[in-house]
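The values are calculated or read from the model by the stated rules, or taken from the named source; none is laboratory data. This structure is a prediction, so every number in the text was calculated from the model and none was measured. Note: ideal-geometry Cβ built from the backbone for every residue, glycine included; neighbour counts use all protein chains shown. Protein only, heavy atoms only, side chains kept; ligands, DNA and RNA dropped before computing areas. Shrake-Rupley method; radii C 1.70, N 1.55, O 1.52, S 1.80 Å.
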Amino acid sequence: MTEVLATLRGDGFDAEGVSTDEEARKLLGAEEFGVLIIGGGVEPDSRAALKEFAAEHGVRRVIDGALTAPFDAYVRRAFEPLIRETASTG
């Protein structure tokens with residue numbers, strides 16, 4: 001997550017990251033997010049619950065993240081275009 005956040009922030013995105021479901025729910029409930037990236041290590045039940053919670057709190061796109069190295073290149077190739085697309089349609 002550290003490298004993903006560093007890449008996104010370095011490329012001009014306002015990005016936040018947390019490690020637990022509880023932290024994610026708290027953050028999603030307190031702030032407005034257009035995109036949620038759920039890391040590859042999140043269990044299926046938690047993934048489904050977070051997607052539902054995100055939809056209830058105005059998140060317009062959920063990205064299932066499963067990183068491959070090099071992480072910065074993957075973030076730029078796989079995540080950033082989807083974030084830009086979501087921002088341009090919202």
Of the criteria (1) at pLDDT below 95; (2) surrounded by 12 or more Cβ atoms within 10 Å (Cβ to Cβ); (3) not polar (S, T, N, Q), which one residue 61 fails = (1)
Matching residues, the range 72-81, being surrounded by 14 or more Cβ atoms within 10 Å (Cβ to Cβ) and among the hydrophobic types (A, V, I, L, M, F, W, C) = 75, 78, 79
Out of 15, 69, which single residue is open to solvent by less than 30 Å² (accessible area, probe 1.4 Å), assigned to a loop (DSSP other than H, G, I, E, B) and among the aliphatic types (A, V, I, L, M)?
-> 15
Selection from the range 24-54 of residues over 13 Å from the mean Cα position of the chain (by Cα), part of a helix (DSSP H, G or I) and surrounded by fewer than 16 Cβ atoms within 10 Å (Cβ to Cβ) yields 26, 29, 30, 44, 45, 46, 48, 49, 52
